[in-house]
Amino acid sequence: MGVSDYPMAVSFHWLSSNCNLEATFRMKRNNFSAVNKVVQSSPVVKQPKRGLCSSLRQTHALSVLLDWGTLPHHVLLQVFQYLPLIDRARASSVCRRWNEVFHIPDLWRKFEFELNQSATSYFKSTHPDLIQQIIKKHAAHLQYVSFKVDSSTESAEAACDILSQLVNCSIQTLGLISTAKPSFMNVPKSHFVSALTVVFVNSKSLSSIKIEDTPVDDPSLKILVANNSDTLRLLKMSSCPHVSSDGILCVADHCQGLRELALNYYILSDELLLALSSETHVNLEHLRIDVVSENPGQIKFHSIKKRSWDALIKHSPGVNVVMYFFLYEEEFEAFFKEETPVTHLYFGRSVSRAILGRIGLNCPRLIELVVCANGLQPLDSELIRIAKHCKNLTSLGLSECEVSCSAFVEFVRLCGRRLTQLSIMEEVLVPDDRYTPDEVHTEVSKHLGRVWFPDVMPIW
């Protein structure tokens, strides 16, 4: 970028051609506000013939305006916050002032450790020397910390080693992110729990924890509760096989400020819902439940009583209940037999017409429905039932299933303009005696009040 590309340099060029330069050169070197004042208020005078002295003065003024070393700390801090860590470290060696900014505590409150094996990962890893510098000089400043690791056990163990060194910290947010499985699940359970409890014990002010797909267990949750019960607001721990319903119930009983919770269905219980509905507990805002089966027939899913759901909704009427299903068709028997206050439903595998029919009858709070697969049976009557009974439905996604064009148009007509998201693959729509797929978009657009087309699978 040349000098002419900087707005302040452009302003000076206009100033040197049309304004009283003597007023400008009397400014102190660091008084940027005075420059702006002169630009706006100095009278236009005839420009004297430029000589050597004038050129030197102009060069000096340009150096004043373009001296990045004189930028205020808060401006440099904003710039540094946008830089990747390696670039931030390089910038700190430019001058003493920039090095001072590099060590300002505000710059180290939020940090993501990236750990991977270079031979198998696509993202850059945080340099070991920088990690040690952070631990030695900035651990006390860390508040929002996350670890992003690849699928290797070595990377997960490195993350645990760093966690075990964060003894002088006051972390508020902790996230453990695996870009691919198994990662943390391959770390010895004792090693992982030992490292995690170091943070649980020393932080004392944890408000948000994301530890999904990890070997966290009930005893470590009790340590979390003992040290952070007053501050914990969010806990995401889906796919944590060593946590039992008693462990999560302990969290609900003692962390009365908990507002967001993500867990697997196997540890969801009537007792947990009632604990979250107690008078002393704050209103729950978000409950995510993952219903997963890897081996069909090996897991028998329990039912949650209607009175437990009713207690939760009475206590927290605005709660979003989000359920992700990854089951086989024969495993759905326990679900949606009674009214269920789910708001967002996602089916990652095939789901039967019978279950979708139950949803239309027993899920009056439903806001979003995504069906990734159903088979070759048309879902006409099921969709129309959902449109009639689920008055809050605003979003629908369909793929690898079939709906007649007429039934789909009727579904959209019943829902009307409250359908803000409508993602339907083109092959889902089956032509009939009233509409062809090419004609559907016109009718649907009319009922939605906006132009709509079905989604098309790209051909590469």
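Here are some notes:
- Taking region 427-444 as the range and being of a type in the set (D, E, K, R) and open to solvent by less than 80 Å² (accessible area, probe 1.4 Å) as the test, the residues that pass are D432, E443.
- Of the residues screened, K124 is one that is open to solvent by 40 Å² or more (accessible area, probe 1.4 Å), assigned to a loop (DSSP other than H, G, I, E, B) and closer than 13 Å to L85 by Cβ.
- Yes/no for L206 being surrounded by 17 or more Cβ atoms within 10 Å (Cβ to Cβ), more than 21 Å from D290 (Cα to Cα) and within 22 Å of the chain's Cα centre (by Cα): yes
- Only one of the listed residues (S238, S190) is open to solvent by 20 Å² or more (accessible area, probe 1.4 Å) and at negative phi. That residue is S190.
- Top-ranked residue in region 241-273 [being touching a Ser or Thr at 6+ places or on another chain (Cβ under 6 Å) and in a helix (DSSP H, G or I); ranked as surrounded by the most Cβ atoms within 10 Å (Cβ to Cβ)]: L273
- Flag if T442 is out of contact with any strand residue (DSSP E or B) (no Cβ under 7 Å at 6 or more places or on another chain) and of a type outside the set (D, E, K, R): yes
- Filtered residue count, region 411-451, keeping only those that are more than 23 Å from A373 (Cβ to Cβ), part of a helix (DSSP H, G or I) and either of a type outside the set (V, I, T) or outside the structural domain of I384 (by the TED database) (or both): 13
- The residues of region 274-285 that are part of a helix (DSSP H, G or I) and open to solvent by 20 Å² or more (accessible area, probe 1.4 Å) amount to a single one, L274.
- Segments classed as strands (runs of 3 or more DSSP E), wholly inside region 337-405, with at least 1 members that are open to solvent by less than 50 Å² (accessible area, probe 1.4 Å), within 23 Å of V440 (Cβ to Cβ) and of a type in the set (S, T, N, Q): 395-398
- Unmet requirement for I177, which otherwise passes all of (1) assigned to a loop (DSSP other than H, G, I, E, B); (2) open to solvent by 60 Å² or more (accessible area, probe 1.4 Å): (1)
- Remark: pairs (first residue in region 298-309, part of a loop (DSSP other than H, G, I, E, B); second residue of a type in the set (G, A, S); Cβ separation under 6 Å; 6+ apart in sequence or on different chains) = I299/S293; F301/A334; S303/A334.
The values are calculated or read from the model by the stated rules, or taken from the named source; none is laboratory data. Source: prediction; values computed, not measured. Heads up, the Cβs are rebuilt from the backbone with ideal geometry, glycines too, and the neighbour counts pull from every protein chain shown. Keep in mind that these areas ignore ligands, DNA and RNA; they rest on the heavy atoms of the full protein, side chains included. Shrake-Rupley method; radii C 1.70, N 1.55, O 1.52, S 1.80 Å.
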